[in-house]
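J.: Below are the structure tokens for one structure; questions will follow.
Every number here is computed from the coordinates shown, using simple stated rules; none is lab data. What you are looking at is a predicted structure, and each value in this text was computed from that prediction instead of being measured. Positions of Cβ are generated from backbone atoms using ideal geometry, with glycine treated the same way; all protein chains shown enter the neighbour counts.
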Amino acid sequence: MSHILLIEDNQQNADMAIHILETAGYTVKHFLRGIEGAGNARKDRPALILLDFDLPDIDGRTLILSLRRQLTGPNAPPIVAVTARTGHMEMAIAERFGCSAFISKPYTPDHLLEVIRKLLPEYAPVPRSNPAASHR
């Protein structure tokens, strides 16, 4: 199984998502800029892409369109919009631009993992052990 590609310019948001995903057993590659993340997507073909709409170097919606054109075929990774932009209009835009799902910030760890498990049902990651749990 390949990695999950996270394109998120806010390091605090990225750190939280990485912690949630890696604790659940997923491998994550993170990029702060959209252009760099897109380069990784073309080169390494992730299993799934988590993409912020508001990036410093390119509009996330424009990047979605570009990735949809470049990553085609039956193994094209699902793209999940993860954004602070909320509302039905933003959800409709994400769907129209080719996103497989939409997650509004802030989100809960359970919601993030639920969306990923629906989109990657064949992937059964092995959760990391929690050292704090063994000291109870």
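J.: What is the chain's relative contact order, in percent, from Cα pairs under 8 angstrom and six or more apart in sequence?
T.: Reported as a whole number, the value is 25 percent.
J.: Taking the Cβ of residue 99 as the center, what net charge do the other residues with Cβ under 13 Å away carry, scoring Lys and Arg +1 and Asp and Glu -1?
T.: It works out to a net charge of +1.
J.: Can you find, among 66, 12, 34, the residue farthest towards the positive end of the dipole of segment 4-119? Put +1 on the C-beta of Lys and Arg, -1 on that of Asp and Glu.
T.: So the residue furthest toward the plus end is 66.
J.: Considering the Cα trace of the chain, what is its radius of gyration and what is Dmax, both in angstroms?
T.: So, for the chain, Rg and Dmax equal 14.6, 51 Å respectively.
J.: Rounded to the nearest 20 debye, what is the charge dipole size of segment 4-119 about its Cα centre when +1 sits on each Lys and Arg Cβ and -1 on each Asp and Glu Cβ?
T.: 500 debye
J.: In addition: Which of 45, 85 has the fewest other C-beta atoms within 10 Å, and how do the rest follow up to the most?
T.: Ascending Cβ contact count within 10 Å gives the list 45, 85.
J.: Once the Cα atoms of helix 11-23 and of the chain are each reduced to a long axis, what angle between those two axes, in degrees from 0 to 90 to the nearest 10, is obtained?
T.: 50 degrees
J.: Under 13 Å from the 7 Å Cα→Cβ point of residue 57, by amide nitrogen: which residues of segment 1-34?
T.: 7-9, 31-34
J.: Check the straight Cα-Cα distances from residue 43 and name the lysines below 17 Å, setting aside those fewer than 8 residues away within the same chain.
T.: Once the sequence-local lysines are set aside, what remains near residue 43 is 29.
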